[in-house]
1. Step by step: first the residues of the range B:197-228, then only those that are closer than 30 Å to residue B:152 by Cα and out of contact with any Ser or Thr (no Cβ under 7 Å at 6 or more places or on another chain), then the one that is nearest to the other protein chains (Cβ to nearest Cβ). Which residue is that?
2. Quick test for you: out of B:104, B:167, B:146, pick the one residue that is of a type in the set (Lys, Arg), out of contact with any helix residue (DSSP H, G or I) (no Cβ under 7 Å at 6 or more places or on another chain) and more than 11 Å from chain A (Cβ to nearest Cβ).
3. Tell me, please, whether a residue that is surrounded by 23 or more Cβ atoms within 10 Å (Cβ to Cβ) and not acidic (Asp, Glu) can be found in the range B:95-102.
4. Any residue in the range A:211-232 that is within 14 Å of another protein chain (Cβ to nearest Cβ) and out of contact with any Pro (no Cβ under 7 Å at 6 or more places or on another chain)?
5. Given (1) within 14 Å of the chain's Cα centre (by Cα); (2) within 14 Å of chain A (Cβ to nearest Cβ), where does residue B:140 come up short, assuming only one miss?
6. Going by what's in this entry, would residue B:149 be described as farther than 23 Å from residue A:256 by Cβ, free of Cβ contacts under 8 Å to residues at least 40 places away in the same chain and not in a loop (DSSP other than H, G, I, E, B)?
7. Any residue at all in the range B:229-244 that's more than 14 Å from chain A (Cβ to nearest Cβ) and either outside any helix (DSSP H, G or I) or under 19 Å from residue B:129 (Cα atoms) (or both)?
8. Take the range B:235-245 and flag every residue that is modelled with pLDDT under 80 and open to solvent by 50 Å² or more (accessible area, probe 1.4 Å).
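The values are calculated or read from the model by the stated rules, or taken from the named source; none is laboratory data. Since the model is a prediction, treat every value here as computed from it, not as a measurement. Here the Cβ positions follow ideal geometry from the backbone for every residue, glycine too, while neighbour counts run over all protein chains shown. These accessible areas exclude ligands, DNA and RNA; they are computed on the full protein's heavy atoms, side chains included. Shrake-Rupley method; radii C 1.70, N 1.55, O 1.52, S 1.80 Å.
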Amino acid sequence: MHPVLTLVVQRIALGLLLLLAVSAVIFLGVAALPGDTAQAILGQSATPQALANLRTEMGLDQPALTRYFNWLGGILTGDLGTSLSNRTDIAAAISQRLGNTLFLAGWAAVISVPLAILLGLLAARYNGRWPDKLISGATLSTISLPEFVVGYIVLYFLAVKWQLFPSVAMVFPGMGMMERLNAVILPVIVLVLVVLAHMMRMTRAAILNVMQSAYIETAELKGLTPMRVIWRHAFPNAVAPVVNVVMLNLAYLVVGVVVVEVVFVYPGMGQYLVDHVAKRDLPVVQAVGLIFAAVYIGLNIMADVISILANPRLRHPK
Amino acid sequence: MRIPISALVGLFFTGAFFLAAIFAPLIAPYGMAEIVGGVWDPASSTHWLGTDAIGRDLLSRMIYGGQTTIFVASAATVLSFTLGSVLGFSAAVAGAWVDQGLSRMVDLVMAIPALILALVILSVLPVTLTVLILVMGLLDATRVFRLARAVAVDITVMDYVEAARLRGEGWAWIIFREILPNALSPLVAELGLRFIFAVLFISTLSFLGLGVQPPLADWGGIVKENSSGLVYGIPAALIPAFAIAALAISVNLVADWVLSRTTSLKGGRG
């Protein structure tokens, strides 16, 4: 087998193993915490009989390990269990919301990645001059803001004061593409702002790092324009770290999306998770938590795989 | 020693926020839960920032809220630093399986986004200040562990550590007398960043309704309480939002300065 392929397969296998361990943390770790789920649902005044019935119904009388394997087996076959608070099937409730969340995060990624790389290139081109300072200053302030603050500032000015966009991101099945886009435009702007800064800073840093090399000086002395030096000589060598940062930020969108969905009352996975944490609906929280963790780990693996593939030293072994 | 202007600004505002938090009951013009006016009264001479969603004085709530936010964030930071650095140093000093075990455990926890893991844990535990501080401190300790271990690994190979080992000093001596003094500057620079992270984290949790619970207030919670007013053009929710940002930025300015000082002292290698 080609050595690169071996590396990639190894990395993916390691990721799957990690995911398995994470599922154990989410299930067994929570089971080990003090606190009685049945008591939490029924409240302090519950009779011992009612508690015992609920425990049997939820399978809480079985050992944690048995429950874990049942749960894991269910998830692998697409059965996420039933919600405690309204007795509905979790998988059915999630499918619609997962699509909504991916739609939101997908658009945020499509806009933020090229924009971040472009701004990063510009900042590196005008390193130390006013475009760089302007871009760096603006990003420093967005880094210091939590997502919900960015969300409300954007909402207050764009939706309420200037009335450019709808303040609540309402989407429903059967909605046209353009309507849907118009509805999610504010949450997309917020998510872009949240991840843009970090991606841009790291792109700038990666390119400036490469700019120190001797071949950049050669390219400059050859008389190439600064933008051409960056685009043709520096950028290809900075691809691996840039891709890594892009992937890590896309993984970060997973967290940002939870908060932004709550700000804009968007019917996605994040809102669903937060609602059910408040209701102490453990099966839902565990299932959704595992899905978020899986996406996060998946993107991290992808970052590793791409940087393996982007490394020519690994692609053409001696 | 010349302090750059940005660091001075940062120091001034950080100091002001902490002083306001410590002396909250003395400064606040009204009680935290006292209803003193109408719903969302605009700013006036009696209520400098106006009133909130049920007519409480917003300035007083901001001051008490800052106290809660800063207290929870500081406590969580102290916990994460103590735990993270002691475990990180121990891992570096002990090496072998202690290091492997701790490092892999930290990798595992860091493989789950902190907010998601915190939400999963908080869905089981009662949401009290103690639980919040413990959860935030433990989750953040993984980040401190990584840094402390990385710094300490470089130090443990130094001759003076070797000498201490040969003298027959115990773990505690090596960790606290040999490694800690030499690892202090990068850790102090990190302290500021971890504190900001804790402020943003507790604010986010409270905003989601899963952090500090009423009747206590914190900035994230005040944003949540007043967020419905935004749609009617009442900017009350933006005031705590700006406070969070101002605190984060001013601590950031100080941390940047400390970081640049320590890295230049160490020849670029923190």
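1. Top of the filtered list is B:200.
2. Just a single option satisfies the conditions, and that option is B:167.
3. Checked the range B:95-102: no residue is surrounded by 23 or more Cβ atoms within 10 Å (Cβ to Cβ) and not acidic (Asp, Glu).
4. yes
5. Residue B:140 satisfies all of (1) within 14 Å of the chain's Cα centre (by Cα); (2) within 14 Å of chain A (Cβ to nearest Cβ) except (2).
6. No: the conditions fail for residue B:149.
7. No, the range B:229-244 has no match at all.
8. B:235
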